[in-house]
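Trainee: Below you'll find the structure I mean.
The values are calculated or read from the model by the stated rules, or taken from the named source; none is laboratory data. Here the structure is a predicted model, which is why all the values come from computation and not from measurement. Methodologically, a virtual Cβ is constructed for each residue, glycine included, from the backbone with ideal geometry; neighbour enumeration extends over all protein chains shown. The accessibility values were calculated without ligands, DNA or RNA, using every heavy atom of the protein model including side chains. Shrake-Rupley method; radii C 1.70, N 1.55, O 1.52, S 1.80 Å.
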Amino acid sequence: MKYSKWIIPRGETVVPEALLQAGYTPLLAAMLARRGLSEPETAKEFLYGGAEQLLPAEDMADMPAAAARLREAISRGETVAVYGDYDVDGITSACLVTSYLRSKGLKCLPYIPDRIGEGYGLNSAALDGFKAAGATLVVTVDCGITAVREAGHARELGLDLIITDHHECGSGVLPDALAVVDPKRADCPYPNKGLAGVGVAFKLLCAVEGGAEPLLESYADLIAAGTVADVMPLTGENRYIVRRGLEQMASRPRPGVAALLNECGGGAKRLTATTVGFTIAPRINAAGRLGNAALAAKLLLAGSCEEALPLARELCRMNHERQELEHGIWTQAREYLRRNPPEGPIVLASEGWHQGVIGIAASRLAEEFGLPCVMICVDGEHGKGSCRSYGGFNLFDALSACRDSLEGFGGHALAAGLTIRRDRIDAFRAELAEYYKRCPAPEQPALECELRVDDPALLSMDCVKSLELLEPYGTGNPQPVICLTDVYLERVTPIGGGNHVKLRLAKAGELFDCVMFGTRAEELGAREGDRVDAAFYPQINDFHGRRSVQLVLSGLRRADTRGECEEILSGGLPCAWECEDIYPERRDFVRVWRWLERAGGRAECDLSSGWGPEGLAPAKTAVCLRAMSEEGLAALERSGGELSISALEREGKANLEASPVMRELRRRREQYRERRRRHDRGN
């Protein structure tokens, strides 16, 4: 993603002494402080919080009634149907409840609807099938909150219905079910509104079981997978659950997870939430996207590796097929949009697209064009669409405002689905465009860097390794974005067939090896020899037994030195490390004076763009001008980002090296060098 705005903290990095005394590395201490965890007690609670993070399940609206009915079904040995959804959250939810009820000796009928034939949500035909199979109770997971008509049908059939969901309720009436358990109900006091569907199902089982520990011991991996895949906040109880689940996957994975990791090569790597989100989840999702979600459920319910391995292989094959389908749709839509640049939300429709993969294509288009995107698969007189947001635009509110053009819709603020008649697509496109004009996205996404490295010691092996304590990363606890500013781009090397690049950055004698995925060399926006700003996440790279720090770049741009120049010209100076690169030699002063002479003794400069003598770093130019001003050789006037410079005549010889700014610069440079000498001796 290209960012039009970068947010970079200025000033020296704050490293709380209390956290250092508690044993945290400077980098981790600085990051914790940035996230409001400056005291050892609060930091420890966040990093190592245990079961005390779990909230009472009974606090959820309708939970007592739901738990009582499920306990009754267990005591009577009833047949229970579990109705899920075809995404990772829905599949893991169904597997969780099914496994639990079967462990209690019940006959359980798990049901995952066909994405293409049935679509999202509870349907009456499935309820008829449950009744015919002898079920007396139906439990929905990750769906059902809008199933008003279907709940009425269940009542007519004599089926008891428990709905567990986590989607938005909207302003409509709740289904008339025995219990409707959803933390997003307006009347639900449960404080964690960020539970995944599998999290709500887990809470139901906690209420039935009377505690969480036995369930986490057996099923934390399923709950973690659904929570991560559905991009739920990884704070509080969610963070604890996901951490437990990752530990289970690493030490004693269920056969289906072990087979999947083995098949895709993920078993040899350290398991993180990223592993789940980008390795496990896409393969489970592929089954649902291509109309065979039951295959993924069968894999997760497998009792042995022998049973699981062929299923895992088939899921990996389906994921490859999904990738090819998605790429074809994305390419077609992208070419159309490049010929017809959109001015508002993207709404595209086609008869030739695969319903199961358009959501991924919509996400990519939304990011590329910086607009919300709706892609609709048309079949006959009807269409089914997938919607993805951009820039914080609330899709659920937008679809609610356009409901007159839709047959139905549901989902979240950032992702949703809809059904629509073919003859209403143009009207919907116009309505959505008008709504977007009235209620645009709050702002275009900016690249927000949490920390600016002002000392290379922050990127030592120990410091980088310590960041692993912040995991699992996700919504509410994102992977840190750190930045280096005004560094020299020494080398760019294409890798991976030219689709990725390796880079080497240099600053004050320090070298940094970097990699940037999904970006070609010509797309960097900078080239070898440029001064650049780099945003990254540092990691330990283990290559052929050699361990080193590697920066995984998320953004790169030509250096924006305006803030640093303004700081210098206003009487400040950057941190000690920065002073190493901006310390001017005598020849630099000569270059600045001659540049000013060539301009007739007066220059008008825009600090936001390249200024000063060609080839001389702007920050170093600013130091030279400040020293010349202090010694009476130049007059400086600033107005906003504009700088006026006038050469002055002076009697006697000026001693620029003795100017206050140069004395302070030398002091800071020596301070940095001494710190590096101590660091090197310590290593």
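Trainee: Loop only by DSSP, 10 or fewer other Cβ within 10 Å of the Cβ. Give me the GluC sites (Glu not before Pro) in segment 447-496 that pass, ordered by residue number.
Mentor: When the GluC sites (Glu not before Pro) of segment 447-496 are filtered for loop state and at most 10 Cβ neighbours within 10 Å, nothing remains.
Trainee: May I ask you to rank 103, 644, 38 by accessible area, largest first, using a 1.4 Å probe over the protein chains only?
Mentor: If we order 103, 644, 38 from most to least accessible, we get 103, 38, 644.
Trainee: Sticking with this structure for a sec: For residue 125 and residue 44, what does the FRET efficiency come to when R0 = 51 Å and r is the distance between their Cβ atoms, rounded to the nearest 0.05?
Mentor: 0.45
Trainee: Given Cβ point charges of +1 (Lys, Arg) and -1 (Asp, Glu) and nothing else, what value in debye, to the nearest 20, does the dipole of segment 516-659 about its Cα centre take?
Mentor: Here the size comes out at about 340 debye.
Trainee: Something else now. Taking a quarter of the surface of the Cα convex hull of segment 173-301, what do you get in nm²?
Mentor: Computed as one quarter of the Cα hull surface, the answer is 9.1 nm².
Trainee: Now for a different question. Compute log10 of I(q)/I(0) for segment 46-174 with the Debye formula, placing one identical point scatterer on every Cα and leaving out solvent, at q = 0.09, 0.14, 0.20 Å⁻¹, to two decimals.
Mentor: -0.27, -0.64, -1.25
Trainee: In 5 Å bins starting at 0, how do the alpha-carbon pair distances of segment 324-408 split up by percent?
Mentor: Bins of 5 Å from zero give 3, 15, 27, 25, 20, 10, 1, 0 percent of pairs.
Trainee: Taking the Cα centre of the chain as the origin, how large is its charge dipole in debye, to the nearest 20, when only Lys and Arg (+1) and Asp and Glu (-1) carry charge on their Cβ atoms?
Mentor: Taking the Cα centre of the chain as origin, the dipole is about 1520 debye.
Trainee: Which whole-number percent is the relative contact order of segment 142-276 (Cα, under 8 Å, 6+ apart)?
Mentor: Once divided by the residue count of segment 142-276, the mean separation gives 17 percent.
Trainee: Under the rule a/c < 1.5 gives rounded, and otherwise a/b versus b/c splits prolate from oblate, where does segment 475-560 land using the Cα gyration tensor?
Mentor: rounded
Trainee: So for segment 198-288, averaging the separation of alpha carbon pairs under 8 Å that are six or more residues apart and normalising by length, what relative contact order in percent results?
Mentor: Dividing the mean separation by the residue count of segment 198-288 yields 26 percent.
Trainee: Using a simple spin-label model with points 7 Å from Cα along the Cα→Cβ vector, what separation in nm is obtained for residue 193 and residue 76?
Mentor: That separation, rounded to one decimal, is 3.6 nm.
Trainee: Relative contact order for the chain using alpha-carbon pairs under 8 Å, separation at least 6, rounded to a whole percent?
Mentor: About 10 percent, as a whole number.
Trainee: Which cross-chain or sequence-distant (5 or more) residues have an amide H under 5 Å from the amide H of residue 347, H modelled 1.01 Å from N in plane?
Mentor: 374
Trainee: Something else about it: Among all the lysines, which ones have a C-alpha under 21 Å from residue 203's C-alpha, if same-chain residues fewer than 8 places away are not counted?
Mentor: Candidates past the 8-residue exclusion: 104, 184, 193.
Trainee: Pull up all non-local amide H partners of residue 448: gap of 5 or more, or a different chain, and H-to-H distance under 5 Å with H placed in the peptide plane.
Mentor: 7
Trainee: Could you run the Karplus curve 6.51 cos²θ - 1.76 cosθ + 1.60 with θ = phi - 60° over segment 486-496 and give me ³J(HN,Hα) per residue in whole Hz, x for Gly and Pro?
Mentor: My calculation for segment 486-496 gives 6, 10, 8, 7, 7, 8, 10, 10, x, 9, x Hz in order.
Trainee: As a check on your grasp of the helix formula, calculate [θ] at 222 nm for the chain: sum -39500 (n - 2.57) over DSSP H runs of n ≥ 4, divide by the residue count, round to the nearest 500.
Mentor: Rounded to the nearest 500, it is -13000 deg cm²/dmol.
Trainee: A follow-up question, please. Can I get the semi-axes of the chain's equivalent ellipsoid? Compute them from the C-alpha gyration tensor as square roots of 5 times the eigenvalues, in angstrom, largest first.
Mentor: Taking √(5λ) for each Cα gyration eigenvalue gives 55, 29, 22 Å.
Trainee: Right, another one. Using 7 Å Cα-to-Cβ label points, what is the residue 654/residue 597 separation (nm, one decimal)?
Mentor: Those two pseudo-labels are separated by 1.3 nm.
Trainee: Pull out the extension gain between residue 667 and residue 637, defined as 0.36 nm times the separation in residues minus the alpha carbon to alpha carbon distance; nm, one decimal.
Mentor: 8.1 nm
Trainee: Could you give each residue of segment 95-106 its phi-based ³J(HN,Hα) in whole Hz, using Karplus coefficients 6.51, -1.76, 1.60 with θ = phi - 60°, and x for Gly or Pro?
Mentor: 5, 4, 5, 4, 4, 5, 5, 5, 5, 8, x, 7
Trainee: While we're looking at this one, here's another question. Which whole-Hz couplings ³J(HN,Hα) result when phi for each residue of segment 432-449 is put into the Karplus expression 6.51 cos²θ - 1.76 cosθ + 1.60, θ = phi - 60°, listed in order with x for Gly and Pro?
Mentor: Going residue by residue, I get 5, 4, 5, 4, 5, 5, 6, 10, x, 4, x, 5, 6, x, 10, 7, 9, 8 Hz, with x marking Gly and Pro.
Trainee: Find how much the distance from residue 306 to residue 350 grows on full extension, using 0.36 nm per residue of separation minus their present alpha carbon separation; answer in nm with one decimal.
Mentor: 11.7 nm
Trainee: State the Cα centre-to-centre distance between segment 66-123 and segment 297-343 in whole Å.
Mentor: Each part reduced to its Cα centre gives a spacing of 25 Å.
Trainee: For segment 141-247, what ratio Rg/Rh do Cα atoms give with a Kirkwood hydrodynamic radius?
Mentor: Result for segment 141-247 is an Rg/Rh of 1.00.
Trainee: How much accessible surface area, in Å² rounded to 10, belongs to the heavy atoms of residue 419 with a 1.4 Å probe?
Mentor: That residue has around 50 Å² of solvent-accessible surface.
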